[in-house]
Amino acid sequence: MNRRRAAALLAAVLLSGTACSDDDSSIWATTTAPSATSTLATTTSAPTTTTQAGTTTTGTTQAGTTSTAAGDPSGLGDPYFPELGNPGYDVEHYLVELAVDPVANTVEGAVAATAAATADLDTFHLDLLGLTVDSVTVDGAAAGFRREEGELVIDPAGLLPAGEDFVVTVAYHGTPLNLTTLGFPIGWVQAGDLTYVAAQPDGARTWLPCNDHPADKAAFTFRITVPEGNVVAANGSLAEVQDGPGVATFVWEMPEPMATYLATVVVGPLTRVEWGTAAGVVLRDYLPADLAADPPAPLTRVGEMMEFFTGFFGPYPFAEYGHAVVPGLPGALEDQTLCVFGREALETLFDAQPWTLGAEAVVAHELAHQWFGDSVTPSTWQDVWLNEGFATFAQWLWVEHARGAEAYRQEVAGSYAWVAAGPHPLPGDPGATGEELFADSVYVRGGLTLHALRVEVGDETTWEILRAWAERYAYGNAATADFVSLAEEFSGRDLGALFEAWLFDPSIPALPG
Ligand code: ARG
Ligand code: ZN
């Protein structure tokens, strides 16, 4: 593949600005080389080799990860981030009540998590990095607490019996940390006149004491107080704005379960732009004033995309959708109901080569994540192709719709040519310690896996499978093995070999179709 074609393909699938480097060596080297700056992989995520067993031979990635962690209060034993999340309880709702000072770059307030104990607890953990904890209560009574690296260890006054709800409230303040995870800047970001959160995969714990693993999804209420002149966008629907002297409190409700990595707030002088509804979904963007006056073309097509995707994937899972456009983010993140989109990425990709859809494909990609990733969330980070491969395939479907069958064929053929010239990390097994979690090939070869399924079982059955996937696991979690069995159920075929070959076999199968 020539370099211009490669760059165009990359622009269409990828969200990392660094990937578009015009370096004389292969442009792919920048994205496929393991990151040297993966602080979390080295400091808090010792690989647990036991949980990797069997992944390449069985074609599934759920190697008993949670059972290996039973008894370890500090993590759920995720293959890549064993210390993320905590056993013994299941959070149902987070109330995030924070005053944000965007000039001093500080937060102060409390998170109250309502959780159901799943075991008798005389102590339990939340995940939290940095910040200063001022007090902890459980069901209103003072509780003991101590910090151990990324863990906030809580010692309630009495035993919390299995099966019963409790409310843990953590009051805290400070300047949230920034992390670099897998080479990406993660966490609480202050850039230009905006402050925002970009937390995938492990950054929610920099601003929220929480059960920071996608396996524990919960509803959220945000009550964010900011100085006059600032606007707050967050996940869900804006329920209320309360004005006080010199401040305003924005109340956002996210009633459907959400993984912690998808929680976001964006604070600053933003304009709310309303686009009406499409397929019954309220469309609203939060844009800087100049973009609000002249919205970028890709954002104007979201209504059409919403109609198109609901036709393929079934009802959109939430009440609202839109984007917050921010400076300094090298790509975009599919935060639930509110995609956070880097302005530079939006503008550079928008000006991409004429034969690609550039930023428009990324806008479609992020919207598709609302079904695949946000509503149906991987059970562990190793299954991230269920997010990225699906969103990439969905973006190709949009290309097919917007530009025709030949454009789809070119996307697939160009992607295949790049993958086949590998080696590249495998979508089903992106690195022993997860260092390739967001490698281009997880996206591209993941998308090709669904293309191969499409050719194998035909269009109608493929759409049925995608709809059934979105419906059966809506608002929950699922693993690769669940997808393979659902595809077999709906097609009536044995598809183990197809998925094994496309997701786990270092030698890529021939391009079908
Ligand atoms: N999930 C984002 C998307 O493809 C990309 C995130 C890339 N990096 C990261 N560390 N989360 O839409
Ligand atoms: Zn994606």
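What is the magnitude of the charge dipole of the stretch 64-216 about its Cα centre, with +1 placed on the Cβ of each Lys and Arg, -1 on the Cβ of each Asp and Glu, and no other charges, expressed in debye to the nearest 20?
Values: 3 positive and 23 negative charges, 70 e Å.
Dipole size: approximately 340 debye.
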Q. For ARG146, what accessible area in Å² do you get when you roll a 1.4 Å probe over the heavy atoms of the protein chains, rounding to the nearest 10?
A. 130
Q | Cut-off 15 Å (backbone N to label point 7 Å along Cα→Cβ of ASP122), residues of the stretch 162-176 | A | 162
Q: Averaged over every viewing direction, what's the projected area of the C-alpha convex hull for the stretch 244-335? Give it in nm², one decimal, please.
A: 7.7
Q | Environment charge at PHE504 (Cβ cut-off 12 Å; Lys +1, Arg +1, Asp -1, Glu -1) | A | -2
Q.
Between VAL241 and SER485, what is the label-point separation in nm under the 7 Å Cα-to-beta-carbon projection?
A. 4.9
Q | All-pairs alpha carbon distance profile, the stretch 147-228, 10 Å steps from 0, percent | A | 13, 41, 33, 12, 2
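Quick one: net charge of PHE313's neighbours, Cβ under 13 Å, K/R +1, D/E -1?
Working: positive: ARG467, ARG472; negative: GLU307, ASP374, GLU464, GLU471.
Neighbour charge sum, excluding PHE313 itself: -2.
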Q | Inverse of mean 1/r across different Cα pairs in the stretch 64-216, Kirkwood, Å | A | 15.8
Q. Carbon and sulfur together cover what percent of the accessible area of the stretch 388-513 at a 1.4 Å probe radius?
A. 51
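Relative contact order for the stretch 285-386: what is it in percent, counting Cα pairs under 8 Å that are at least 6 residues apart? Mind dumping the intermediate values first?
Values: 119 pairs, mean separation 25.3, N = 102.
Dividing the mean separation by the residue count of the stretch 285-386 yields 25 percent.
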Q | For the stretch 397-506, the spread of Cα positions along each principal axis, largest first, Å | A | 37, 33, 27
**Q.** Rounded accessible area of TYR475 (nearest 10 Å², 1.4 Å probe)
**A.** 90
**Q.** Cα convex hull volume per residue for the stretch 214-290 (Å³)
**A.** 104
Q) Put +1 on the Cβ of each Lys and Arg and -1 on the Cβ of each Asp and Glu in the stretch 427-506; which of TRP502, PRO430, LEU486 then has its Cα farthest toward the positive end of the dipole? A) LEU486
Q. How large is the charge dipole for the stretch 95-150, taken about the Cα centre, if only the Cβ atoms of Lys, Arg (+1) and Asp, Glu (-1) carry charge, to the nearest 20 debye?
A. 40
Q) In whole Å, what are the Cα extents of the stretch 115-163 along the three principal axes, biggest one first? A) 31, 19, 14
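If we count every other residue with Cβ under 9 angstrom of LEU84's Cβ, Lys/Arg +1 and Asp/Glu -1, where does the sum land?
Details: positive: ARG205; negative: ASP78, GLU83, ASP127, ASP202, ASP212.
Counting the neighbours of LEU84, the net charge comes to -4.
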Q. Using a 1.4 angstrom probe with every protein chain in place, what is the largest-first accessible-area order of ILE508, ILE224?
A. ILE508, ILE224
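Got a sec? What order do SER237, SER415 fall in by accessible area at 1.4 Å, biggest, i.e. largest, first? Please report the intermediate quantities before stating the final value.
Details: SER237 35, SER415 0 Å².
The residues order as SER237, SER415, largest area first.
The values are calculated or read from the model by the stated rules, or taken from the named source; none is laboratory data. This structure is a prediction, so every number in the text was calculated from the model and none was measured. Neighbour counts are summed over all protein chains in view; Cβ atoms, including those assigned to glycine, are modelled from backbone coordinates with ideal geometry. In case anyone asks, the SASA skips ligands and DNA or RNA and just uses the protein heavy atoms, side chains included. Shrake-Rupley method; radii C 1.70, N 1.55, O 1.52, S 1.80 Å.
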